[in-house]
Every structure is written in structure tokens, then in C-alpha cells.
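The values are calculated or read from the model by the stated rules, or taken from the named source; none is laboratory data. What you see is a predicted model, and the numbers here were worked out from it, not measured in a lab. Here the Cβ positions follow ideal geometry from the backbone for every residue, glycine too, while neighbour counts run over all protein chains shown.
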2 protein chains.
Amino acid sequence: MTHPVLEAIYERRSIREFTDAEVSPAYLREIIKAGIWAPSGLNNQPWRFVIITDQTKKQQLSETTHYDHIVLGAKALIAVYLDTDAMYDEVKDHQSAGSCIENMLLAVHALGLGAVWLGQILKKKDQVNSILELEAKYDLMAVLAIGHPVHRNQKSSRKEIDEFLLKTI
Amino acid sequence: MTHPVLEAIYERRSIREFTDAEVSPAYLREIIKAGIWAPSGLNNQPWRFVIITDQTKKQQLSETTHYDHIVLGAKALIAVYLDTDAMYDEVKDHQSAGSCIENMLLAVHALGLGAVWLGQILKKKDQVNSILELEAKYDLMAVLAIGHPVHRNQKSSRKEIDEFLLKTI
């Protein structure tokens, strides 16, 4: 079956190399708008965001992860948080963060940009909060590194559907 | 900005009332395919699925949630699981389940169907596993109730973007 939405889902790739072209602020807002249209339990909308384009902050953030070259090479970063005051159920709020991030990644793809979801940086989430001058009640979920892709030759693969489908009743 | 992917993200609604029309097995597989193209940490692909259309099983499942009328009214259910043997990080795997579910909901919308994400049923997840005859290593993440929408007049709302954007640096 073909449909632009299905195509985006199947063709989206993690993009780790970016050109020097800037990402427009309007696009960054559109990406966040896509994120907040994710579903959340009780519609609690627990997600929060920080947009980072400042060189010094990027440099500091790059020192909190193995993926320093991606953080430095990205033209913009969006840190995705949960506001723990807005949370109601840990598992469901984490799921909702995932839905939000997926919407953002699909929006990035739709806008002709590229991004990668950085999770390893969570090991230093306290340090990230400190660099971004955020209270401890904001719990880092991921950092998206965003820019214009150098190329779109990335390969990806999934196991066959039947390996995931436990049963049909 | 307009793009079919952004439109789907903004126009998707939770659909709770379904017509009597069946959902084709090919569509149910396509929805699962969309789910498995979600990103996962280390590409561990921890999601698993059960498709349920059997009336007796639906009746039994309806008794595990307040939303019994939705479960009974849906033409198909897809239970989304994590295989705990495949997990590597609780927070990231729960996020990944959320990404997977969001892809599925967007695919549902793209295919002209409707669905609602049922989470309250997790309170009885052991009973759900028992009804579906699944080992305890499968951890229920959500049940999607799927069918053809009676209408698409559902309203939804989000706070303003600036309420989510903590800062731009």
C-alpha cells in the first residue's frame, strides 16, 4: 500500500551528518507542534522542549555524550523533556514521550530535514539540565539532533512482520 | 505548513465508535508494519503484537476495562507488547513502544480507519495475558481498538506551543 504517511514511516532514517545550511526557526516550531499533537494519557500533555542553536551550549552538550560529533555537527538540537509535575503514570508518560518524538521525527522528514534521536545522553541528564539551566523537575527524555542531510543513503532493516506477530485470534 | 504527514499528525483523532464494516487482514498487517518501522534503542525492536477479532476473546477482554463498549464495538483489536527478553532499558523501551503505537495510529488514519489507544486496561494486564494465553515475559503496553469510524467530528485540543517551549538558546 502506498500513502505519503506510510512512505514517511518506512523511509525515515536516522540522519547523523548535516550540511552547513541553517534550520529555520519556523521549521523548528513546526517540529515541536507535531510533537505536541501526540496523544497523552488523560491528555496531560507532559512534554516540554528546549531549542538549542547556540555554539557554546552545543559545545558543552557535546561533552556529555559519546556522540559529540553529531551534537556539534547538527545545526539545531531539540531537547525533549517531561515535566514531572504534569506526569500521572510513569510507563504511559514515557510512552507518550516516545509518541511525541516519533511525530517530531516524521515532521523532520516531511520538512525535508534529517534528525537522529539521541538517547545515550540520558546517562548525563543531570549535567544536561545544568547546562540548560533547568530545574530538576524536568526529566530529559531525548535530544534530537537536526539539520539538512548530507545524503539519504542510510540503510535500515527490520525483522519480518511474522516474527513480531505473536498470534492472530 | 501543509504536508500529508503533518496533516495526518494534526487531524488524527481518537475514534471510539465504529461501523459494522470489517477491517481487512491486509490493513491490520500494514498497521503492524508501520509500528515496527518505529525507531528503537540499539535497533532492538522489542515490540510484539496480537491481533484479536474473535468475538469470545473480545468479550473476555472487554471485562478487563471500563471501556468495555469500545472493546466490544471495535472490529479488531491489536494488543501491543514488549518482549522483556528483548528489552535493554526500561525508559527507552517504553518510549519506543510509544513511537511504535504512534506510527500505528498514523497508519490507521492514513488507511481511512479509526482507532483509540486504550491504556486503562494495563491495570489488568495479567488477566489480559491469561485471556490471550501469553507468557509473563510479554508485557502489555496498550490495546488499540480499530474499525471504520462512524464519523470524524471528534474535537481535540492542545495548549499553545509557547507553553511547552521552555527556552530557545
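Going through (1) of a type outside the set (A, V, I, L, M, F, W, C); (2) in contact (Cβ under 8 Å) with a residue 60 or more places away in the chain; (3) within 11 Å of chain B (Cβ to nearest Cβ) one by one, A:Lys75 falls short only on (3).
Of all residues in the stretch A:7-22, those being surrounded by 22 or more Cβ atoms within 10 Å (Cβ to Cβ) and in a loop (DSSP other than H, G, I, E, B) number 2.
Sub-7 Å Cβ pairs linking a first residue in the stretch B:101-115 that is outside any loop (DSSP other than H, G, I, E, B) to a second residue that is modelled with pLDDT under 95, at least 6 apart or interchain, are B:Ala110/A:His3, ordered by first then second residue.
Would it be correct to say that B:His151 is touching a residue at least 60 places away in the same chain (Cβ under 8 Å), closer than 24 Å to B:Glu30 by Cα and at the interface with chain A (Cβ under 8 Å from one of its Cβ atoms)? No: the conditions fail for B:His151. Please indicate, with yes or no, whether at least one residue in the stretch A:122-131 is facing chain B (nearest Cβ under 7 Å) and surrounded by fewer than 23 Cβ atoms within 10 Å (Cβ to Cβ). Checked the stretch A:122-131: no residue is facing chain B (nearest Cβ under 7 Å) and surrounded by fewer than 23 Cβ atoms within 10 Å (Cβ to Cβ). Before we move on, is B:Glu17 of a type in the set (D, E, K, R), more than 9 Å from chain A (Cβ to nearest Cβ) and more than 13 Å from the chain's Cα centre (by Cα)? Taking the combined requirement at face value, the residue satisfies it. Of everything in the stretch A:23-37 that is of a type outside the set (D, E, K, R) and more than 13 Å from the chain's Cα centre (by Cα), the residue that is surrounded by the fewest Cβ atoms within 10 Å (Cβ to Cβ) is A:Ala26.
Residue by residue, here is whether (1) among the charged types (D, E, K, R); (2) out of contact with any Asp or Glu (no Cβ under 6 Å at 6 or more places or on another chain); (3) in a strand (DSSP E or B) holds:
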position	(1), (2), (3)
A:Ile51	no, yes, yes
A:Lys58	yes, yes, no
A:Asp126	yes, yes, no
A:Glu135	yes, yes, no
A:Asp139	yes, yes, yes
A:Ala145	no, yes, yes
A:Lys159	yes, yes, no
A:Asp162	yes, yes, no
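Output the residues belonging to the stretch B:77-100 that are in contact with a Pro (Cβ under 9 Å, 6 or more places away or on another chain), among the small types (Gly, Ala, Ser) and either part of a strand (DSSP E or B) or surrounded by fewer than 18 Cβ atoms within 10 Å (Cβ to Cβ) (or both). Passing the criteria: only B:Ala86. Report yes if A:Ala38 is part of a loop (DSSP other than H, G, I, E, B), small (Gly, Ala, Ser) and modelled with pLDDT of 95 or more, otherwise no. Taking the combined requirement at face value, the residue satisfies it.
Note on the stretch A:78-121: residues that are within 7 Å of another protein chain (Cβ to nearest Cβ), of a type in the set (S, T, N, Q) and closer than 18 Å to B:Leu165 by Cα amount to 3.
Reported count of residues in the stretch A:132-147, each being without any contact (Cβ under 8 Å) to a residue 24 or more places away in the chain and at the interface with another protein chain (Cβ under 9 Å from one of its Cβ atoms), is 1. Just a yes or no: is a residue in the stretch B:57-68 touching a Leu at 6+ places or on another chain (Cβ under 8 Å), more than 8 Å from every other protein chain (Cβ to nearest Cβ) and aliphatic (A, V, I, L, M)? Yes, because at least one residue in the stretch B:57-68 is touching a Leu at 6+ places or on another chain (Cβ under 8 Å), more than 8 Å from every other protein chain (Cβ to nearest Cβ) and aliphatic (A, V, I, L, M).
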